Amino acid sequence: MLRQADELDAEAHRVVARRLVRALPDNPTVLDVGCGAGGMAVAFTEALVARGGGTIVLVDATPELLDAATSAARSAAAYGGDTTSAPVRVRPVLADLAAERPVDLAGPAQLVWASNVVHHLPDQRSAVAGLVEAVAPGGWLALAEGGLEGKFLPWDLGVGEPGLQERLAAARAQWFVRMREDTHGSVRMSGGWNTVLADLGLLDVTAFSYLVDHPAPAGQAVRDWAVDRLRWFAEIAGDLLHPADRRTVRQLLDPDDPAYLGARDDVFLLLANTVHLGRRA
């Protein structure tokens, strides 16, 4: 699923990476926290190559993901470099942010990027404080959290009750509350991400959002992503759905059913991700 998402998000990630890297000094260090399969790592590497080089430090707690991200970023660095040396150095670090301080993993970085990582940690504010600590003076923290729930289903699928997408989103929201409540040592946030960044002393706090838009009729990659996404919804929130909706989901996931999601021309992908920014004094 992570690789599928990286493929579909690739162009949007390139735009975001260029925007964030543009304001950095020469030969900067970018710290990608929770790098996953490496979609954003590749975008940052390409952006650093285009502006003359730098270092990207990749951090993840899962060895397989870290290996995949490192390989992808190094390929991007080699592709953009000359025959004698790659202008971008890629350094992988296997680490769990719940137990280790980012500043100890990479030292001060001119840009710290964390996408959909902090909300998995027990004390989100404390986790952001750790990220701030890893930002070099004058550098930036870019925290990608929140936005608009992604949509991929038409309102009326021709099977089941219309509006399934909205009910799936509601069930996911209930699951997320449960997930946070069941996280050992969970601490509630006292406000939005912008207030957290400002309270931790960051300056010029702002945010921007970017779209990932693949309209219908979409390619097979979008259809495959939609099938996996719907299957994930069914796994995490199935008991929160009405039995009639659960039957509809089973139809949509059945390759032998005429309503199978992976063969429909009306599947699409539209979502908005928000990046919260703050500069360290």
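The table below lists the values:
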| quantity | calculated |
| --- | --- |
| Matching option when the condition is open to solvent by less than 30 Å² (accessible area, probe 1.4 Å), over 17 Å from the mean Cα position of the chain (by Cα) and polar (S, T, N, Q), among Q174, Q165, Q220 | Q165 |
| Tally, over the range 33-46, of residues that are farther than 15 Å from G139 by Cβ, outside any loop (DSSP other than H, G, I, E, B), open to solvent by less than 30 Å² (accessible area, probe 1.4 Å) and aliphatic (A, V, I, L, M) | 3 |
| Residues located in the range 133-148, provided they are crowded, with 20+ Cβ neighbours inside 10 Å and either within 16 Å of N273 (Cα to Cα) or not aromatic (F, W, Y) (or both) | A134, V135, G139, L141, A142, L143, A144, E145 |
| Count - residues of the range 80-116 that are aliphatic (A, V, I, L, M), at pLDDT below 85 and assigned to a loop (DSSP other than H, G, I, E, B) | 4 |
| Count - residues of the range 117-135 that are outside any helix (DSSP H, G or I) and either free of Cβ contacts under 8 Å to residues at least 60 places away in the same chain or under 23 Å from P63 (Cα atoms) (or both) | 4 |
| Test: T195 is farther than 27 Å from D9 by Cβ, surrounded by 18 or more Cβ atoms within 10 Å (Cβ to Cβ) and not aromatic (F, W, Y) | no |
| Residue check, A259 touching a Lys or Arg at 6+ places or on another chain (Cβ under 6 Å) and open to solvent by less than 20 Å² (accessible area, probe 1.4 Å) | no |
| Leading residue by the ranking (nearest to G54 (Cα to Cα)) among those in the range 17-32 that are in contact with a helix residue (DSSP H, G or I) (Cβ under 7 Å, 6 or more places away or on another chain), open to solvent by less than 80 Å² (accessible area, probe 1.4 Å) and not in a strand (DSSP E or B) | V21 |
| Number of positions in the range 108-123 that are of a type outside the set (V, I, T) and open to solvent by 20 Å² or more (accessible area, probe 1.4 Å) | 9 |
| Hits in the range 237-255 - residues which are in contact (Cβ under 8 Å) with a residue 24 or more places away in the chain and open to solvent by 30 Å² or more (accessible area, probe 1.4 Å) | L240, H242, A244, R247, Q251, L253 |
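The values are calculated or read from the model by the stated rules, or taken from the named source; none is laboratory data. Bear in mind that the values here come from a model prediction, so they are computed numbers and not experimental data. For neighbour counting, all protein chains shown are included, and Cβ atoms are generated from backbone atoms with ideal geometry for every residue, glycine included. Accessible surface areas use protein heavy atoms only, side chains included; no ligands, DNA or RNA. Shrake-Rupley method; radii C 1.70, N 1.55, O 1.52, S 1.80 Å.
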